[in-house]
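The values are calculated or read from the model by the stated rules, or taken from the named source; none is laboratory data. If you're wondering where the values come from, they're calculated on a predicted model, not measured in any experiment. Note: ideal-geometry Cβ built from the backbone for every residue, glycine included; neighbour counts use all protein chains shown. Protein only, heavy atoms only, side chains kept; ligands, DNA and RNA dropped before computing areas. Shrake-Rupley method; radii C 1.70, N 1.55, O 1.52, S 1.80 Å.
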Amino acid sequence: MITGKFVREKENRFLCLVDISNKQEECYVSSSSKLKNYINLNKKTVLLVPNKGKRLRTKYTLQAAKVNNVWMLLNLNYVNDLMQEFLLKKYGKDTLYREHYIKDYKTDFYVSKKKLIIEAKGILANKNEAVYPLVSCGRTQRQLKEILGLLKQGYKVEYCFIIMNPHIRDIRLNDKEKAAKLIFKKCIAAGMKIKYFKTKFYNGKCSLKELKNEDISIT
């Protein structure tokens, strides 16, 4: 991996500037909303991963930033890859399916022998508390409605929060998203399990560690 200093996000979504050896390089940002909504990256040391493929606009993707001496994952597209790596060790490749459809509903992961749906949600914030969902788009509400219906049909569901900043200790359901918050609680009442994971870096490689439920509070 390559390190650099974060300069700024560009006006265009998905792009930022990073100083690499005193040269500014345009890099890809795998987030549909501006990172400044989550975290201040000004002059932070960042990790970059080379992009694969030809005729790409950028050479690198923004992978992580060092905040308070801890690497914080920023690559939201990488969350499901990490989750898959964790789940394969737990369930094996013969029973685990990624982006599996149950009628019109596309799961993040599905464990066939357990009739288990697993959803992975990256949680990013600059402070000890994160708000979920941070950006209002209606997608979370629609998904939770579908999950509630599947729970009533006998499917099991695990809603997994991937803590991308290891300093986060609290997740607060967004009060502005009252409908989504209500359905979320109905899903829990119907049997949906909440699980928490944190990202950890070792020698530049990122992996997931499952947390105890008492390690994170959600309100």
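Before moving on, here are some points about what is shown:
- Among the protein heavy atoms of the chain, carbon and sulfur supply 46% of the accessible surface, probe 1.4 Å, non-protein parts ignored.
- Helical runs assigned H by DSSP (4 residues or longer) give the chain a calculated mean residue ellipticity at 222 nm of -5500 deg cm²/dmol, each run adding -39500 (n - 2.57) before division by the residue total.
- Efficiency of FRET from Cβ geometry, K200 and D170, R₀ 22 Å, rounded to 0.05: 0.65
- Selection from V67, M1, N37, by position along the positive dipole direction of the stretch 1-74 (Cβ): M1
- Considering only N77, N128, N22, the Gaussian network model of the chain with Cα springs below 10 Å gives its largest mean-square fluctuation to N22.
- Over the chain, accessible surface divided per residue gives 57 Å², non-protein components excluded, 1.4 Å probe.
- Rounded to 0.05, the FRET efficiency of the L56 and K115 pair, given R0 = 30 Å and the Cβ-Cβ distance, is 0.15.
- Of the cross-linked pairs K5/K178; K152/K195; K66/K145; K43/K178; K59/K113; K59/K156, those separated by over 30 Å at the C-alpha level are K5/K178; K66/K145; K43/K178; K59/K113; K59/K156.
- Check: the stretch 9-52 dipole with +1 on Lys, Arg Cβ and -1 on Asp, Glu Cβ, in debye: 120
- A simple charge model with +1 on the Cβ of Lys and Arg, -1 on the Cβ of Asp and Glu and nothing else charged puts the dipole of the stretch 133-219 at about 140 debye relative to its Cα centre.
- 0 to 90° range, to nearest 10: angle between helix 178-189 axis and the chain longest Cα axis: 60
- Comparing mean-square fluctuations of G154, G53, G204 from a GNM of the chain with C-alpha springs under 10 Å, the top value falls on G53.
- Around the Cα centre of the chain, unit charges on the Cβ atoms of Lys, Arg, Asp and Glu (plus for the first two, minus for the last two) sum to a dipole of about 200 debye.
- Of K200, K186, K93, the one that fluctuates the most in a GNM where the chain has Cα springs shorter than 10 Å: K93
- Hypothetical label at S217: residues of the stretch 85-128 whose amide nitrogen lies under 15 Å (7 Å Cα-Cβ projection): 128
- Theoretical gain in end-to-end length, I102 to K43 [0.36 nm per residue, Cα-Cα removed]: 16.8 nm
- Each label was represented as a point 7 Å from its Cα along the Cα-to-Cβ direction; for Q153 and S30 these points are 2.9 nm apart.
- With all pairs of different C-alpha atoms in the average, the Kirkwood value for the hydrodynamic radius of the chain is 18.5 Å.
- Available extension along the chain between K66 and K178 is 36.9 nm, counting 0.36 nm per residue and deducting the alpha carbon span.
- Environment charge of K209, counting only residues whose C-beta is closer than 10 Å and scoring Lys/Arg +1, Asp/Glu -1: +1
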